[in-house]
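The values are calculated or read from the model by the stated rules, or taken from the named source; none is laboratory data. Since the structure is predicted, the reported quantities are computational estimates derived from the model, not experimental observations. Don't worry about glycine lacking a Cβ; one is built from the backbone with ideal geometry, like all the others, and counts go over all protein chains shown.
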Amino acid sequence: MNIHRTVSMIIVALGVLGLLISPSLAATIDSGSTSTSNQVAVTTVNVDPAVLMRGDTGIVTLTVKNTGTQMVSIKGADFYAKELTTLNYQTYATTVNLGPGDSTEFAFTIRADAPDGIYYPRFYLNMGTDSYRYYVPVKVESTTIDVSVIDRPDSYTKGVKDTITLVIGNPRESTLSGVTVTPQGVGIETTQTKVFIGDLEPGKSAQVVIEATPSQEGDLNFLVEYRNGINKHIESIAIPVTFAGDKLAAQLFINSIEISGSTGGYSLSADVTNAGLSDARSIVVTAGSPAQAIDPNPVYIIGSLEPDDFSSFDLTFTAPPGSASVPLLIQYKDADGNTFEQTYTVNLRSAGTISQNSSNGSAASYPNTVVRRNGGGLFPGFGSGIGQIPFLELGLISVAAIVLVVAWRKGVLGKIKTRIRK
């Protein structure tokens with residue numbers, strides 16, 4: 001009986017003890033079953049550059065925060081991308097302890113080896129018996145910077161400065177940095193060796209003005225360098241440079257030429273007209289070799305001529321015996337200070353054509369321009385050649401005079417006068 005009572009008391013005591021310790025045991029079990037992954041969260045993600053071009057290298061930075069009330073141990077962190085390449089794989093293999101409210105950063109370098117598109121590499125945290133996954137959207141898009149020519153000459157003139165205007169635009173979704181434009185061309189000198197634009201935000205553009213002076217024909221290349229994140233890119237555009245006459249340039253023509261004198265000294269008078277579309281400035285006229293300019297008018301300075309304007313000039317010079325012609329030199333400048341020279345060949349012996357060669361090598365002939373030579377002959381104003389006498393005009397004048405005389409003698413003129421009065 002005592003034995004049964006003793007056993008019963010022991011059983012009761014164990015039951016009471018079990019009731020006393022059971023809450024503590026339950027708490028331990030619950031704590032062990034709580035997931036630590038529920039305490040961490042990715043709070044910020046940064047992909048630089050925001051949009052990669054194919055072949056670009058980018059950096060993905062993630063901020064992880066412990067949002068719980070207990071310490072979290074992170075055994076390692078990795079970044080998996082099937083289509084992209086992670087260059088610093090398994091960098092984070094050491095344990096990181098995060099207290100409640102603490103944060104830490106993980107940075108991964110990736111290379112965009114895949115075609116254009118949106119990819120979702122996986123960010124993975126190893127927390128021992130638990131893990132955490134987060135997918136990061138990464139966009140690959142290979143649209144390049146846009147380079148457009150909005151203004152350039154139709155043709156170029158050797159040694160003459162011209163202006164070329166470019167527009168550099170950013171059609172991408174991310175900012176392009178360090179944008180520069182460099183002109184290059186053999187035999188082409190530019191005022192600007194390089195133009196720095198700097199950062200170019202998405203959808204923005206910048207205008208670049210280049211002044212170029214070609215000494216030979218060829219291609220004028222523009223290299224546009226820029227960076228997408230840490231990645232350097234180069235685009236180029238070529239503009240062909242070919243020589244031809246400037247459609248807007250000044251064009252000087254000589255007309256109404258009169259020559260008098262002989263080998264001992266000639267006197268030349270003429271008009272120069274600007275038939276171009278630009279002003280001709282600092283115009284100077286003189287006779288060229290083998291002629292020799294002499295006083296009183298060895299050189300004639302005209303100054304400036306606007307389009308459609310003209311000016312007269314006088315020159316005095318000598319020429320070697322037997323010379324059939326002499327060159328007439330005209331020099332002038334444009335608004336940029338470029339110097340031009342035109343050469344006219346003037347016939348000293350008889351009226352005829354004159355020819356003109358400009359400084360850029362082009363040549364033109366004007367057969368309707370008459371050179372008048374004064375002196376020697378019945379009609380000095382018409383030159384010394386008999387072919388220059390206007391026989392037709394003189395004949396018509398003579399016939400008209402005879403008709404008037406006959407009509408006057410026969411009284412026809414008087415009758416006509418009487419009828420008019422009536």
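Being surrounded by fewer than 16 Cβ atoms within 10 Å (Cβ to Cβ) and assigned by TED's automatic domain parsing to the domain that holds residue 342 narrows it down to one residue among 215, 269, 256; which is it?
Details: 215 fails: assigned by TED's automatic domain parsing to the domain that holds residue 342; 269 fails: surrounded by fewer than 16 Cβ atoms within 10 Å (Cβ to Cβ).
Only one candidate qualifies: 256.
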Answer residue from the stretch 322-361, given it is modelled with pLDDT of 75 or more and among the charged types (D, E, K, R) and is nearest to residue 253 (Cα to Cα) among those: 341
Identity of the residue in the stretch 91-132, among the polar types (S, T, N, Q) and surrounded by 12 or more Cβ atoms within 10 Å (Cβ to Cβ), that ends up nearest to residue 51 (Cα to Cα): 109
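Could you list, in sequence order, the residues of the stretch 47-84 that are hydroxyl-bearing (Ser, Thr, Tyr) and either in contact with a Leu (Cβ under 9 Å, 6 or more places away or on another chain) or at pLDDT 95 or above (or both)? Walk me through it before giving the result.
As a first pass, look at the stretch 47-84 and keep what is hydroxyl-bearing (Ser, Thr, Tyr): 57, 61, 63, 67, 69, 73, 80.
Scanning the stretch 47-84 gives 57, 61, 63, 73.
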Options 203, 261: the member that is assigned to a strand (DSSP E or B), at positive phi and surrounded by fewer than 19 Cβ atoms within 10 Å (Cβ to Cβ): 261
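For the subset of the stretch 133-168 comprising residues that are under 30 Å from residue 335 (Cβ atoms) and acidic (Asp, Glu), which member is surrounded by the fewest Cβ atoms within 10 Å (Cβ to Cβ)?
From the stretch 133-168, those under 30 Å from residue 335 (Cβ atoms) are 147-168; that's our starting set.
Keeping just the survivors that are acidic (Asp, Glu) gives 151, 154, 162.
On the way: 151: 11, 154: 9, 162: 18.
Taking the candidates together, the pick is 154.
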Filter pass, residue 315 being closer than 30 Å to residue 156 by Cβ and either modelled with pLDDT under 90 or not assigned by TED's automatic domain parsing to the domain that holds residue 162 (or both): no
All positions within the stretch 173-205 that are more than 30 Å from residue 158 (Cα to Cα), free of Cβ contacts under 8 Å to residues at least 60 places away in the same chain and not β-branched (Val, Ile, Thr): 176, 177, 178, 198, 199, 200, 201, 202, 203, 204, 205
Unique residue being in the same structural domain as residue 346 (by TED's automatic domain parsing) and over 43 Å from the mean Cα position of the chain (by Cα) when the list is 307, 327, 296: 296
Total residues in the stretch 218-272, condition within 30 Å of residue 290 (Cα to Cα), modelled with pLDDT of 90 or more and among the charged types (D, E, K, R): 1
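How many of the residues in the stretch 158-200 are among the aliphatic types (A, V, I, L, M), assigned to a strand (DSSP E or B) and either closer than 25 Å to residue 339 by Cα or touching a Gly at 6+ places or on another chain (Cβ under 6 Å) (or both)? It would help to see each step written out before you state the result.
Kept after step one, since they are among the aliphatic types (A, V, I, L, M), are these residues of the stretch 158-200: 160, 164, 166-168, 176, 179, 181, 186, 188, 195, 197, 200.
Now narrow it down to the ones that are assigned to a strand (DSSP E or B): 164, 166-168, 176, 179, 181, 188, 195, 197, 200.
After this cut, where a residue has to be either closer than 25 Å to residue 339 by Cα or touching a Gly at 6+ places or on another chain (Cβ under 6 Å) (or both) as well, the list is 164, 188.
Residues meeting the conditions: 2.
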Residue in the stretch 150-186 that is nearest to residue 211 (Cα to Cα), counting only those that are in contact with a Pro (Cβ under 9 Å, 6 or more places away or on another chain), modelled with pLDDT of 95 or more and aliphatic (A, V, I, L, M): 164
